[in-house]
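J.: Structure below; questions to follow.
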Amino acid sequence: MAFRRILSAAVRRRSAAAAAAAGNAREASTAVAAGSGVITPDVTPVRPQVMMYDRIAEAVNARLRRLEQPDPRFLRYASPVPAHADHTAILAAPETRVTTLPNGLRVATESSLAARTATVGVWIDAGSRYETEEAAGVAHFVEHMLFKGTGKRSASQLEQEIEDIGGHLNAYTSREQTTYYAKILDKDVPRALEILADILQGSKLEQDRIERERDVILREMEEVEGQSEEVIFDHLHATAFQYTSLGRPILGSADNVRSITKKDLQEYIATHYTAPRMVITAAGAVKHDDIVKMATKLFDKLPTDPTTTSMLVAKQPASFTGSEVRIIDDDMPLAQFAVAFNGASWVDPDSIALMVMQSMLGSWNKSAGGGKHMGSELVQRAAINDIAESIMAFNTNYKDTGLFGVYAVAKPDCLDDLAFAIMQEISKLSYRVTEEDVIRARNQLKASIQLHLDGSTAVVEDIGRQLLIYGRRIPIPELFARIDAVDAGTVKRVANRFIFDQDIAIAAMGPIQGLPDYNWFRRRTYMLRY
Amino acid sequence: MYRIVGSHLHSLKRHGSSRFASTSVVKQSSGGLFGWLLGGKSSQLPPLNVPLPGITFPPPLPDFVEPSKTKVTTLPNGIKIASETSASPASSVGLYIDCGSIYETPASSGASHLLERMAFKSTTNRSHLRLVREVESIGGNVSASASREQMCYTYDAFKTYVPEMIEVLIDSVRNPAFFDWEVKEQLQKINAEIAEVSDNPQGLLLEALHSAGYSGALAKPLMAPQSAIHRLDSSILEEFIAENYTAPRMVLAASGVEHDELVSIAEPLLSDLPTVKRSEEPKSVYVGGDYRCQADSDKTHVALAFEVPGGWYEEKTAIIVTVLQMLMGGGGSFSAGGPGKGMHSRLYLRILNNYHQIKSFSAFNSIYNHSGLFGIHATTIPNFASKAVDLAAAELLEVATPGQVTQEQLDRAKQVTKSAVLMNLESRVVASEDIGRQILTYGERKPIEHFLKDLEAITLNDISSTAKKIISSPLTMASWGDVIHVPSYESVSQKFFSK
């Protein structure tokens, strides 16, 4: 009996749907009742002619029917299949001019005289990895102190001078580079360059200012500790490059910040802020000859010690140690971890392939639009199975080494699935790579490099960084040719070099009880296939 | 075991390199460069500090590239197409629509917010999968944003791909499919967004200022209300689009695109849009009001605001208000960045440097076509809230009193405004947005000189009289967090009327 009722219900639903489509519901429904010959006990006196779900189905179908005739006007150009395109014709760029002054200082500019604004900056081949262990944190301390007054102007005069011209003066310190730059209107370029020269060569480093700045830096440390991504990457460096200077955090330790002396600061500046290790860069409304002339006159007091960073790095190379650090904190809502392989150095030709691989693994977070449909299989797995909050592949380069891997944030109950997805997708790069995925990644990499160069500050940054790490600015057409030279075969070869059965470093934080152990990860750097 | 893996790898490596050779043959035919690059082992490419031989370079650009004029074409159905060229290899295309939360009805409340989230999903011509892959395959960036009066959809990529960009952009704005499952998914995301609203008290207060301060269109929430999650569906969106996304209310703007190319590709895609005579813009009346919400927070967030009469159409006033905001400035008590972040603005010098109880204190403005808000936003520890409100009121009264602002402060604020505008316009994305929004508002793109001239002409008198006009409107107050110590609306309002 029960079976018959189900059957009759099924019949009714089907025919009712048909009837709804035909637009004559009443007749059909009575026909069903007669045809099936079963009197259902729960018949209400007034039956709805079309059931709610029929209407919904009909609405959905109507919507889907609109897809049957796509409008060819809108399907003429775009293609979902990535293809190689030649951008040579549009890649014309203003010339990058580089002049080396007698003291070894380099001046590099890119002019676009139609602009009314400009950025000038000083890029220094010095950062926290060149500090001594006792004075770790001094590189960043110096960056703070240089804004605190020189022989010519006090800190507040400096601030006021910049604010009066509507400019911006900024600085940052990384593990290998330190940067000071100013963004100003065209007519203020000479003044900005003068200010940069003054703070780099004439800073007073007054004792009471140093004391005051300690508190500011300690407070900045607290801020950084609140940014979990920064914390994870600091821990990752600490474990991957343990017992080398690259493993130390940029800000140094709180104890060091409290104990750094004026002498430490002066010594650091004297040793590392030397003319051959600096690049003056300018972009926007600037003329190369003017900048060279001004730089010659203004930056005449720099030390000319010929020691290069390659010598310093050779003396204290960074070495990668397969290891992990886990900070269990069950009170945090989300777990996060980073898995990294020893990557390539800046100049390594394979570093380009690693960039393409980074782009293949991709990055994603829950609020991103494309999620489930994105090309990266790692992103697809994370989005479709809902096993992560965000995922980001990273590829960091240094003078003699690098880090390549994936950083992810997830709820504690999906860590094993996520770890599996990440490791499988990474190790797959050594085995199975499709040409389509590589071309897509290449196109995305090229676009992200070029689209980022939007404005004079980004250009100056690009020039300064490249001159310090490559000794030249790689022209975009050359960079693109190198990217286009990466194909599926190259990716597999490079993955075999950096990923296949290589040691890894892991940093994890939060409710990570469910994160698999180190050997589990290490085992998944290769696949067993017989 | 390890050996087996190793030997497998060997065969795999060999296999890999043989495949490699075959692809390089294919590539050789497509370009001699790749043959050269891949001839044999690619690992023998020189390191990056050594130039790669055999690259063809386009001739370098001259140092001075004449900045282009903005060209505008109006199609017969009323849609405007505007563009300027640029020397950069990238271009940015955007579709701007004179539509937003002010056009929502009680039934469609929250539609603009949902539309922003539904942007670049399935259309009647392409699936979401296809669209995502099309964008990825050229490495482009797409984004959408909704505001109270304007919707904007942008696409950013290499100039090589201009036709692809225009096609996808217009298709996704014109022909959205609004599948129920896609709408539901985005509604869930909006729901999650609403739950996290307490992470952004400043945004929350801005919403509150609008709902309390206005009566009419501008009072409608931009952020979809909780009730919208169950009410909104695809048919509401479809109706909203049919009513509001009409030709005379749209502008296609681009930076870095040849105008003729843009028009020839976009015209067939846009020319059949219906020319519906645009309905009257919904009216709003500024009334002033109070909003306070006790929330679980160890800080008090409070904002005082007044009406900027006239909005964008009162261009002079709008520029003065921008300068006034720079003049008052302010910021966070602890923030990154060196000199140039406004350390010599009035609020920074007079408030942040003197009262460490205040975590942030800044002037803001939010200007619309016919009206706008100007005021001060403050974040303090709770038992200082009353004093902070007094300080904010005193600061607003001060700038409205002739003789209190010095010429030096005004010159600095003018300079900061000027350089901020020029620096922003360096970016092609901002330039394209500027074209789109200006044409939507004024029907033309005014040259930057026009703005700079008006800016230069501002005097101390303008500042104090405009400020006075602003604070003579009724007060709007909003607070969130630990609001016990926030003074009553009447007592604050009194301060402004007694003068």
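The values are calculated or read from the model by the stated rules, or taken from the named source; none is laboratory data. Note that this is a predicted model, so its numbers are computed, not measured. Neighbour counts are summed over all protein chains in view; Cβ atoms, including those assigned to glycine, are modelled from backbone coordinates with ideal geometry. We work out accessible area using only protein heavy atoms, side chains counted, and drop any ligands, DNA or RNA first. Shrake-Rupley method; radii C 1.70, N 1.55, O 1.52, S 1.80 Å.
J.: Whole number please: convex hull volume per residue, Cα atoms of the stretch A:123-204, in Å³. Mind showing how you got there, number by number?
T.: Values: hull volume 6.9 nm³, N = 82.
Dividing the Cα hull volume of the stretch A:123-204 by its residues yields 84 Å³.
J.: Working with all protein chains in place, sort A:LYS187, B:LYS277 by solvent-accessible area computed with a 1.4 Å probe, largest first.
T.: In descending accessible area the options line up as B:LYS277, A:LYS187.
J.: With every protein chain present, what accessible area does B:THR441 have (1.4 Å probe, heavy atoms only), rounded to the nearest 10 Å²?
T.: 20
J.: So, one more: What order do B:ILE320, B:ILE484 take when sorted by accessible area (1.4 Å probe), most exposed first?
T.: Values: B:ILE320 15, B:ILE484 125 Å².
Final ranking, largest accessible area leading: B:ILE484, B:ILE320.
J.: OK, next. With 14 Å as the cut-off, how large is the P(r) tail for the stretch B:227-272, expressed as percent of Cα-Cα pairs? Kindly include the intermediate steps, with their values, before the conclusion.
T.: Values: 671 of 1035 pairs.
Pairs farther apart than 14 Å: 65 percent.
J.: Please compare each pair in A:LYS366/B:LYS341; B:LYS69/B:LYS446; B:LYS299/B:LYS469; B:LYS446/B:LYS469 to a cut-off of 20 Å on the Cα-Cα distance and tell me which ones are over it. Walk me through the numbers on the way to the answer.
T.: On the way: A:LYS366/B:LYS341 32 Å; B:LYS69/B:LYS446 11 Å; B:LYS299/B:LYS469 32 Å; B:LYS446/B:LYS469 26 Å.
In this structure, A:LYS366/B:LYS341; B:LYS299/B:LYS469; B:LYS446/B:LYS469 exceed 20 Å between Cα atoms.
J.: With a 1.4 Å probe, how much accessible area is buried between chains A and B, both sides summed, in Å² to the nearest hundred?
T.: That pair of chains buries around 9300 Å² in total.
J.: Next question, about the same structure. Under the rule of at least 5 residues apart or a separate chain, name every residue whose amide H is placed under 5 Å from the amide H of B:CYS293.
T.: B:SER479, B:TRP480, B:GLY481
J.: Still on this model: Can you give the Kirkwood hydrodynamic radius of the stretch B:164-238 from its Cα pairs, in Å with one decimal? It would help to have the intermediate numbers written out before the result.
T.: Numbers: mean 1/r = 0.0687 Å⁻¹.
For the stretch B:164-238, inverting the mean 1/r across all distinct Cα pairs yields 14.6 Å.
J.: Ignoring ligands, DNA and RNA, how do A:HIS84, B:HIS344, B:HIS210, B:HIS370 rank by accessible area with a 1.4 Å probe, largest first?
T.: Values: A:HIS84 85, B:HIS344 25, B:HIS210 0, B:HIS370 105 Å².
Ranked list, largest accessible area first: B:HIS370, A:HIS84, B:HIS344, B:HIS210.
J.: How much net charge surrounds B:SER68 when only the other residues with a Cβ under 10 Å from the Cβ of B:SER68 are counted, with Lys and Arg +1 and Asp and Glu -1? Mind dumping the intermediate values first?
T.: Values: positive: B:LYS69, B:LYS71; negative: B:GLU66, B:GLU84, B:GLU258.
Value of the local net charge: -1.
J.: Would you mind getting the accessible area per residue of chain A, heavy atoms of the protein chains only, 1.4 Å probe, in Å²?
T.: Details: 22220 Å² over 530 residues.
So chain A comes to 42 Å² accessible per residue, rounded to a whole number.
J.: Give the share of C-alpha pairs in each 10 angstrom bin for the stretch A:314-369, from 0 to the last occupied bin, in whole percents, shortest bins first.
T.: Pairs per bin, as whole percents: 15, 32, 34, 17, 2.
J.: Expressed as an acute angle from 0 to 90° and rounded to the nearest 10, what is the orientation of the C-alpha long axis of helix B:385-400 relative to the principal long axis of chain B?
T.: 90
J.: How big is the gap, in Å, between the Cα center of the stretch A:203-220 and the Cα center of the stretch A:368-417?
T.: 39
J.: In a solvent-free Debye calculation with one equal scatterer on each Cα, what is log10 I(q)/I(0) for the stretch A:355-404 at q = 0.16, 0.23, 0.24 Å⁻¹, listed in the order of the q values?
T.: Values returned for q = 0.16, 0.23, 0.24 Å⁻¹ are -0.46, -0.77, -0.81.
J.: With heavy atoms of protein chains only and a 1.4 Å probe, what residues of the stretch A:54-87 have at least 40 Å² less accessible area in the full set of chains than alone?
T.: Residues passing the criterion (a loss of at least 40 Å², heavy atoms only) are A:ARG63, A:ARG66, A:LEU67, A:ARG73, A:PHE74, A:LEU75, A:TYR77, A:ALA78, A:PRO80, A:HIS87.
J.: Which whole-number value in Å³ per residue fits the convex hull of the alpha carbons of the stretch A:423-530?
T.: Values: hull volume 18.2 nm³, N = 108.
Looking at the stretch A:423-530, the number lands at 169 Å³ per residue.
J.: With no solvent and one equal point scatterer per Cα, compute the Debye intensity ratio I(q)/I(0) for chain A at 0.07, 0.09 Å⁻¹ and report its log10, rounded to two decimals.
T.: Relative scattering, expressed as log10 I(q)/I(0), comes to -0.54, -0.78.
J.: While we're looking at this one, here's another question. Can you work out ³J(HN,Hα) from phi for every residue in the stretch A:238-252, in order, using Karplus 6.51 cos²θ - 1.76 cosθ + 1.60 and θ = phi - 60°, giving whole Hz and x for Gly and Pro?
T.: So the J values, rounded to whole Hz, are 4, 8, 5, 10, 4, 6, 10, 5, 6, x, 7, x, 4, 6, x.
J.: Give the angle, between 0 and 90 degrees and rounded to the nearest 10, that separates the Cα long axis of helix B:315-328 from the longest principal axis of the Cα atoms of chain B.
T.: The angle comes out at about 80 degrees.
J.: Just to confirm the number: angle between the C-alpha axis of helix A:52-65 and the first principal axis of chain A, 0 to 90 degrees, nearest 10?
T.: 60
J.: Need the list of lysines near A:LYS204 for cross-linking: C-alpha distance under 22 angstrom, and skip anything on the same chain fewer than eight residues off.
T.: Partners within reach: A:LYS148, A:LYS152, A:LYS262, A:LYS263, A:LYS297, A:LYS301.
J.: Where the eigenvalues come from the Cα gyration tensor of the stretch A:55-169, what are the semi-axes √(5λ) of the equivalent ellipsoid, largest first, in whole Å? All intermediate terms of the calculation are to be shown ahead of the outcome.
T.: Values: eigenvalues 600, 126, 82 Å².
Whole-Å semi-axes of the equivalent ellipsoid: 55, 25, 20.
J.: Where Rh is the Kirkwood radius over the Cα pairs of the stretch B:288-497, the temperature 37 °C and the viscosity 0.692 mPa s, what D in µm²/s does Stokes-Einstein return? Spell out each step's value before the answer.
T.: Working: Rh = 17.9 Å.
After rounding, the answer is 183 µm²/s.
J.: Just the Kirkwood number for the stretch B:71-270, please: inverse of mean 1/r across all distinct Cα pairs, in Å, one decimal. List each step's numbers first, then the result.
T.: Values: mean 1/r = 0.0565 Å⁻¹.
Computed over the stretch B:71-270, the radius equals 17.7 Å.
J.: Semi-axes of the equivalent ellipsoid of chain B: what are they in whole Å, largest first, if each equals the square root of 5 times a C-alpha gyration tensor eigenvalue?
T.: Working: eigenvalues 439, 162, 146 Å².
Those come to 47, 28, 27 Å.
J.: Helix-only mean residue ellipticity at 222 nm, the protein assembly as shown, DSSP H runs n ≥ 4 weighted -39,500 (n - 2.57), per residue, nearest 500. What is it? Mind dumping the intermediate values first?
T.: Values: 37 runs with 456 residues, N = 1029.
Estimated from H runs of four or more residues: -14000 deg cm²/dmol.
J.: Accessible surface of A:LYS263 in the full protein assembly, 1.4 angstrom probe, to the nearest 10 Å²?
T.: A:LYS263 exposes around 130 Å² with every protein chain in place.
J.: How large is ³J(HN,Hα) for each residue in the stretch A:108-119, as worked out from phi by the Karplus curve 6.51 cos²θ - 1.76 cosθ + 1.60 (θ = phi - 60°), to whole Hz, x for Gly and Pro?
T.: Running phi through 6.51 cos²θ - 1.76 cosθ + 1.60 with θ = phi - 60° gives 10, 9, 9, 9, 9, 6, 6, 6, 10, 10, 8, 10 Hz.
J.: Of all the Cα-Cα pairs you can form in the stretch A:368-488, what percent are over 21 Å apart?
T.: Numbers: 3787 of 7260 pairs.
I get 52 percent for the Cα pairs in the stretch A:368-488 exceeding 21 Å.
J.: Out of the total accessible area of the protein assembly as shown (probe 1.4 Å, heavy atoms of protein only), what percent is carbon and sulfur?
T.: Numbers: 23250 of 42700 Å².
Of the solvent-accessible surface of the protein assembly as shown, carbon and sulfur hold 54 percent.
J.: Please give the solvent-accessible surface of A:ARG472 in Å², to the nearest 10, using a probe radius of 1.4 Å with every protein chain present.
T.: 40
J.: Would you mind computing the Rg to Rh ratio of the protein assembly as shown from its alpha-carbon coordinates, Kirkwood style for Rh? Each step should come with its number before you reach the end.
T.: Working: Rg = 31.2 Å, Rh = 31.9 Å.
Reported Rg/Rh (Cα atoms, Kirkwood Rh): 0.98.
J.: How about A:LYS399: which lysines have a C-alpha closer than 26 Å to its C-alpha, ignoring those fewer than 8 places off in the same chain?
T.: A:LYS315, A:LYS446, A:LYS492, B:LYS41
J.: Related question: Under 18 Å Cα-Cα from B:LYS80, which aspartates and glutamates qualify once same-chain neighbours fewer than 8 residues away are excluded?
T.: Leaving aside aspartates and glutamates fewer than 8 places away in the same chain, those within reach of B:LYS80 are B:ASP98, B:GLU149, B:GLU167, B:ASP171, B:GLU258, B:ASP260, B:GLU261, B:GLU267, B:ASP272, B:GLU433, B:ASP434, B:GLU444.
J.: Can you run phi through the Karplus equation (6.51, -1.76, 1.60; θ = phi - 60°) for the stretch B:252-264 and list ³J(HN,Hα) in whole Hz, with x for Gly and Pro?
T.: Using θ = phi - 60°, the values come out as 9, 10, 9, 10, x, 10, 5, 4, 5, 4, 4, 5, 5 Hz.
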